[in-house]
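Chemist: The structure under discussion is supplied below as structure tokens; questions concerning it will follow.
The values are calculated or read from the model by the stated rules, or taken from the named source; none is laboratory data. The model shown is predicted, which means the values in this text are computed figures rather than measured ones. Backbone-built Cβ (ideal geometry, glycine too); neighbour counts: all protein chains shown.
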Amino acid sequence: MKRQSKPTVGPVEFIDRVIRLDEKGEPWTLAPYQRRILEMALRRDPSGELVFRLVVLSEPKKSSKTFMAACLCLRSGTLSFENAYCFRLVLRGKI
């Protein structure tokens with residue numbers, strides 16, 4: 001399926017601009033390693049398609065996995081439906 005429009009703001013820039021507080025209302029920013037992961041995982045080829053169709057991220061509890069996924073879902077909501085990302089979170093080793 002072809003994309004209708006190219007996102008003008010990348011995921012890291014969107015999170016930096018829009019997401020200032022975490023779910024507890026405390027100041028929050030992406031860690032440097034999270035920035036690298038998002039930039040690499042969500043990069044696009046010259047035609048605008050995502051380079052990777054599936055990205056698996058495994059981290060310990062309380063490392064902002066769910067919050068980071070929620071940030072990306074918020075960003076996808078600002079784009080057309082065809083540009084939306086789909087995330088499946090695996091918590092406690094269960095699918």
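Chemist: Please go through segment 19-76 and pick out each residue that is hydroxyl-bearing (S, T, Y) and in contact with a Phe, Trp or Tyr (Cβ under 7 Å, 6 or more places away or on another chain).
Modeler: Correct list: S76 only.
Chemist: Looking only at segment 43-67, count how many residues are under 13 Å from the mean Cα position of the chain (by Cα) and touching a residue at least 40 places away in the same chain (Cβ under 8 Å).
Modeler: 2
Chemist: May I ask you to list the residues in segment 31-41 that are farther than 16 Å from S58 by Cα and surrounded by 12 or more Cβ atoms within 10 Å (Cβ to Cβ)?
Modeler: So in segment 31-41, the residues farther than 16 Å from S58 by Cα come out as 32, 39.
E39, the sole residue that qualifies.
Chemist: Residue by residue through segment 46-95, note down the ones that are among the aliphatic types (A, V, I, L, M), part of a loop (DSSP other than H, G, I, E, B) and modelled with pLDDT under 55.
Modeler: L79, A84, L89, V90, I95
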